[in-house]
Amino acid sequence: MAQAERTNRGPPEDRPRPRNVTREQALQLEGYKHACHVLLYAPTPAKLFERVPIRHVLLMMMRFDGRLGFPGGFVDVRDATLEEGLNRELLEEIGCSFSKMQVTEKDYRSAQAREHPQKVVTHFYIKVLELEDIQQVEADSVKAKDHGLEVMGLVRVPLYTLRDGIGGLPAFLSNNFIGNSKSQLLYALRTLRLLREDQIQDAIWASQNIQY
């Protein structure tokens, strides 16, 4: 049975890729679960070693399975809207309860539908905060219900590449990401214009050619 299951899974490149859908199309799909996740970010004047601009603080999290992802989770029957489900998950995972942090429909950015390994629509939100708000989120996260259980901790995404061509964003991108969270991160970097396209492409290439 185990061998049959492995055979049916097939290599990742043979599986159907997620397809982009609008919010309206996503809500009309039948038999699909809905998962909502958010990128929280804020500009910062900080510099690494007093010379490398940090530019922005982008938050992701280390999950219980050792993969990186964004805060959020599945919407269930008790949630009246996608945003209600997302804010409930945020309260459980990172303890975000103050009004300025509440994610709303205006923070909605994209959605992708997939059928493998189950029918799921992943909804992606982006919310800009002030630096002090981000710092408050980080401080409160250690007191959240799921801290140390489903969430191992929040991490900041480095938006720079060090002189060795590996340290910073390239090394970060070489980590293991859950689902389409890596593509969501790259989508955010591009749409928010946090980095130039050549910087993004160089980081992707370097991350794929790291030799340990």
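If amide hydrogens are placed 1.01 Å from N in the peptide plane, which non-local residues have theirs closer than 5 Å to the one on G153?
Answer set, sorted by chain and number: M62, G148.
Per-residue counts of other Cβ atoms within 10 Å, averaged by peptide: what ranking do you get for 69-75, 159-165, highest first? Don't skip to the end; give the middle numbers.
Numbers: 69-75: 22.3, 159-165: 15.0.
Per-residue Cβ counts within 10 Å, averaged per peptide and sorted highest first, yield 69-75, 159-165.
Quick one: Karplus J couplings for segment 40-54, per residue in order, coefficients 6.51, -1.76, 1.60, θ = phi - 60°, nearest Hz, x for Gly and Pro?
With coefficients 6.51, -1.76 and 1.60, one gets 9, 8, 8, x, 9, x, 5, 10, 6, 6, 6, 9, 9, x, 6 Hz.
Tally Lys/Arg at +1 and Asp/Glu at -1 over every other residue whose Cβ is under 9 Å from the Cβ of T104; what's the total?
Working: positive: K106, K127; negative: E83, E105, D107.
With Lys, Arg at +1 and Asp, Glu at -1, the net is -1.
For the pair L186 and E132, what calculated FRET efficiency results from E = 1/(1 + (r/R0)^6), where r is the Cβ-Cβ distance and R0 = 35 Å, to the nearest 0.05?
Here the calculated transfer efficiency is 0.80.
Tell me which lysines have Cα within less than 16 Å of K100's Cα, excluding those fewer than 8 residues away on the same chain?
K127
Using a 7 Å offset from the Cα along the Cα-to-Cβ direction at both I54 and R156, what is the distance between the two label points in nm, to one decimal?
Once both label points are built, they end up 0.2 nm from each other.
How large is the accessible surface per residue of segment 60-209, computed with a 1.4 Å probe and reported in Å² as a whole number? Write out the running numbers ahead of the final one.
Working: 7410 Å² over 150 residues.
Per residue, segment 60-209 has an accessible area of 49 Å².
When the chain is fully extended, how far beyond the present Cα-Cα distance does K100 get from I178, taking 0.36 nm per residue of separation?
Working: separation 78, 0.36 × 78 = 28.08 nm, distance 2.75 nm.
My answer for the length gained is 25.3 nm.
What accessible surface, in Å², does a 1.4 Å probe find on R78, ignoring ligands, DNA and RNA and rounding to the nearest 10?
The value for R78 is about 150 Å².
Got the relative contact order for the chain handy, in percent, Cα pairs under 8 Å and 6 or more residues apart? Write out the running numbers ahead of the final one.
Values: 342 pairs, mean separation 51.3, N = 212.
Once divided by the residue count of the chain, the mean separation gives 24 percent.
Which option, (i) 8, 31, 36, 20, 5, 0; (ii) 8, 25, 23, 16, 12, 9, 5, 2, 0; (iii) 8, 32, 31, 18, 9, 2, 0, is the value of P(r) over Cα pairs in 10 Å bins from 0, in percent that was calculated from these coordinates?
Answer by label: (i).
Would you kindly state how much longer the chain becomes between R78 and N20 on full extension, computed as 0.36 nm times their sequence separation minus their alpha carbon distance, in nm to one decimal?
In short, 18.2 nm is gained.
Work out from phi, with θ = phi - 60° and the Karplus expression 6.51 cos²θ - 1.76 cosθ + 1.60, the ³J(HN,Hα) of each residue of segment 178-188, listed in order in whole Hz, and give x for Gly and Pro.
Ordered by residue, 3J(HN,Hα) equals 7, x, 9, 5, 5, 5, 5, 4, 5, 4, 5 Hz.
Tell me the label-point distance for the pair Q28, R193, using the 7 Å Cα-to-Cβ offset, in nm and rounded to one decimal.
3.3 nm
Hey, can you rank 186-195, 83-92 by average C-beta count inside 10 Å, highest first?
Details: 186-195: 15.8, 83-92: 20.8.
Output ranking for 186-195, 83-92: 83-92, 186-195.
Give the percent of DSSP beta bridges with both residues in the chain that are antiparallel, rounded to the nearest 5.
Numbers: 25 of 36 bridges.
Here the antiparallel bridges make up roughly 70 percent for the chain.
Heavy atoms only, probe 1.4 Å: what % of the accessible area of segment 90-212 goes to carbon and sulfur, would you let me know? Before the final figure, lay out the partial values.
Working: 3210 of 6520 Å².
Answer for segment 90-212: carbon and sulfur cover 49 percent of the accessible area.
For the chain, what is the calculated [θ] at 222 nm in deg cm²/dmol (nearest 500), taking -39500 (n - 2.57) for each run of four or more DSSP H residues and dividing by its residue count? Don't skip to the end; give the middle numbers.
Details: 7 runs with 66 residues, N = 212.
Per the formula, -9000 deg cm²/dmol.
Would you pull out the residues with amide H under 5 Å of V38's amide H, same chain only if 5 or more places away, H placed 1.01 Å from N?
For V38, whose amide H was placed from the backbone, the distant partners under 5 Å are Y125.
The values are calculated or read from the model by the stated rules, or taken from the named source; none is laboratory data. Quick caveat: nothing in here was measured; it's all calculated off a predicted structure. Heads up, the Cβs are rebuilt from the backbone with ideal geometry, glycines too, and the neighbour counts pull from every protein chain shown. The area values use the complete protein model at the heavy-atom level, side chains included, leaving out ligands, DNA and RNA. Shrake-Rupley method; radii C 1.70, N 1.55, O 1.52, S 1.80 Å.
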